[in-house]
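Please treat every number below as a calculation from the coordinates, not as lab data. Since the model is a prediction, treat every value here as computed from it, not as a measurement. Positions of Cβ are backbone-derived with ideal geometry, glycine not excepted, and every protein chain shown enters the neighbour counts.
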Amino acid sequence: MSERAGPRRSAAKTLSWRAIATTDTFLIAWFITGEPLIGMSIASIEVITKIVLYYAHERAWSHSDWNLVEVSK
């Protein structure tokens, strides 16, 4: 019997990853431009688009059995 990740798990993973990745984007943009406001602007735009993209990506992968192995308990 194989188990699949449900939508709530995908949403939780999406939000936790976005917090990490958006902080990274903000810091990189700030470092490159020297302007924290520009870093914040870039991070605030990408957080919205990438939440949607990552969630769709995660849901698509949850329907794939590719490279999964059966684990006996």
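Within region 61-72, the residues that satisfy the criterion of being over 22 Å from residue 22 (Cβ atoms) and surrounded by 10 or more Cβ atoms within 10 Å (Cβ to Cβ) are 62, 68.
Residues that are under 11 Å from the mean Cα position of the chain (by Cα), aliphatic (A, V, I, L, M) and in a helix (DSSP H, G or I) do occur in region 5-14.
Screening residue 39 against (1) without any contact (Cβ under 8 Å) to a residue 12 or more places away in the chain; (2) farther than 29 Å from residue 8 by Cα leaves a single unmet condition, (1).
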